[in-house]
């Protein structure tokens, strides 16, 4: 294995161990020592990759967000018809949900930490504004191509992001008695129903 | 003033001072001493009303939820046409928003505390299930009265609650560049658009 590859692999192992430790003990309570032990790396190796526990936390957030943004870009490149794009987004949300289940304490602690620190704040909440911009752009594109009604694109984008945030939070909280698997598609369909230019332009 | 009235007034003063202290210092950092000083009550009076800081926190949550549930009941009693009820809900959300702005750290800390404690958890997240049931019932009523499409009432209720939770969270986080005042009505209109049985049964 090349040095560079080994370095990437070490980094990935630290990140995976950190998620596990954060979920089990909470961000505040988890220590760099524990994370190193769980990842099987030395403290020297840890600090080579991450100057602090907070830097690690920010890297985790950034990873999650970049994955999401990358899948949005793929969807935009592959699909022209905007309502179809949003259907694909609902599929992506399903995967986010699978990861999110049971992670509520971690998310809420991250967000709470973020309210106390401007860097973490920007890392945690900046992305929602980027997602908002992407969706607003798509909706305007949909209006131009005639697939969506001439709605207020900003408002529709806020509605979409809010719905997504609310769904993820509720899934993370493991609300019982609700079968979450099919919810994102269903919710997106309900919202699209109100946005589509004609009764059924998808067919 | 009667003893009972004075007692209620003291309780209300403690609750108001607690919100203020929690917002300024956070739940964990705020002390009973500070809250007593801010409310102008003795520690004896405090503990007469609330056995602990956590009991105070639960009472705050319960107050907020009861206010919301009371307004839902009023709406149900006053309005028969279900789509109109949801329009009224959007108006109520606007008031919630006014209160929520800038309170993100407090909400997130409360929710985070709730993940560590079953009693707080039930107080914080039980209500979403109650709201879900209320909305699902209303949607079924709307389907019966012919004002709503024969959608999956459970799914539509999840969508509504998620949208509400997501909107409140985003407002609480004071996302910039978005004028939140008119958002709840607009978002509700978008969603209703997909739920209404005929193009415009409200008129």
### Query
Considering only the label points, 7 Å along Cα→Cβ from Cα, what distances in nm to one decimal separate residue B:43 from the same position in each other copy, shortest first?
3.9
### Task
May I ask for the angle, rounded to the nearest 10°, between helix A:82-100 and the longest principal axis of chain A, with both axes built from Cα atoms and the value confined to 0 to 90°?
30 degrees
### Summary
Output field shielding_mean for A:148-157 (other chain Cβ, 10 Å radius) holds 3
### Query
In degrees, nearest 10, range 0 to 90: what is the angle between the Cα axis of helix A:104-115 and the longest Cα principal axis of chain A?
90 degrees
### Task
Quote the FRET efficiency, to the nearest 0.05, computed for residue B:119 versus residue A:145 with a Förster distance R0 of 51 Å and r equal to the Cβ-Cβ distance.
0.45
## Note on the structure
Expressed as a whole-number percentage, the relative contact order of chain A with C-alpha contacts under 8 angstrom and at least six residues apart is 23 percent
### Query
If one puts a single equal scatterer on every Cα of the protein assembly as shown and applies the Debye formula without solvent, what log₁₀ I(q)/I(0) results at q = 0.14 Å⁻¹?
-1.30
### Summary
Summing -39500 (n - 2.57) over every DSSP H run of at least 4 in the protein assembly as shown, dividing by its residue total and rounding to the nearest 500, the 222 nm mean residue ellipticity is -26000 deg cm²/dmol
### Query
By how many degrees, 0 to 90 and rounded to 10, does the Cα axis of helix A:183-195 deviate from the longest principal axis of chain A?
40 degrees
## Note on the structure
So, for the Cα atoms of the stretch B:1-75, Rg and Dmax in Å stand at 13.3, 40
#### Entry: Coordinate range along principal axes, alpha carbons of the stretch A:53-195, Å, largest first
48, 36, 25
### Message
Defining the label point at 7 Å along Cα→Cβ, can you sort the distances from residue A:5 to the same site in each other copy, shortest first, in nm?
### Response
8.2
#### Entry: the stretch B:1-137 - Rg (one decimal) and Dmax (whole number), Cα, Å
16.9, 50
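Every number in this text was worked out from the coordinates using simple rules, so none of it is lab data. A quick note: this is a predicted structure, and the numbers were derived from the prediction, not measured. Don't worry about glycine lacking a Cβ; one is built from the backbone with ideal geometry, like all the others, and counts go over all protein chains shown.
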